[in-house]
Amino acid sequence: MIIDGRPAICGDCDFAAVRDIEAWLATFDGRPLEVDLSGVTFFDSSALRAVLNARGRNPHVRVVKPSKAVVRVLEITGTTNYLV
């Protein structure tokens, strides 16, 4: 999905969706990427791992407009400054 010209993830980001998220993020490897997460309604540790793995492969991956669900996980895990 594209929101405001940026790739975006919406809905529940959980273990059930993580394979799709990982595959989708891998399509952007090597390119600067700002992922809009404003439409995420649920975000668990497996989704965080997928984003962190993408960031590990590509230092230009950033999260923009994180939803409250995403912000909560980023704050709890101390990864806000690394990803946002």
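This model, with +1 at the C-beta of Lys and Arg and -1 at the C-beta of Asp and Glu, gives the chain a dipole about its Cα centre of some 220 debye. By DSSP, the beta bridges lying fully in the chain are antiparallel in about 20 percent of cases.
Residue by residue, segment 7-24 carries 3J(HN,Hα) couplings of x, 9, 10, 10, x, 7, 10, 9, 3, 5, 9, 5, 4, 5, 4, 4, 5, 5 Hz when phi is fed to the Karplus relation 6.51 cos²θ - 1.76 cosθ + 1.60 (θ = phi - 60°); x denotes Gly or Pro. Take every pair of alpha-carbon atoms less than 8 Å apart whose residues are at least six positions apart; their mean separation over the length of the chain yields a relative contact order of 32 percent.
For the chain, the solvent-accessible area works out to 58 Å² per residue, with a probe of 1.4 Å and every protein chain left in place. Between Thr27, Thr80, Ser45, the Cα set farthest toward the positive side of the dipole of the chain (charges on each charged residue's Cβ, about the Cα centre) is that of Thr80.
What part of the accessible area of the chain, given as a whole %, is carbon or sulfur when the probe is 1.4 angstrom? Intermediate results must be reported in sequence, preceding the final value.
On the way: 2690 of 4830 Å².
Heavy-atom surface of the chain belonging to carbon and sulfur, 1.4 Å probe: 56 percent.
The values are calculated or read from the model by the stated rules, or taken from the named source; none is laboratory data. All of these numbers come straight from a predicted model, not from anything done at the bench. Cβ atoms come from the backbone with ideal geometry, glycine included; neighbour counts cover every protein chain shown. Side chains are part of the model used for accessible areas, which takes the heavy atoms of the whole protein and leaves out ligands, DNA and RNA. Shrake-Rupley method; radii C 1.70, N 1.55, O 1.52, S 1.80 Å.
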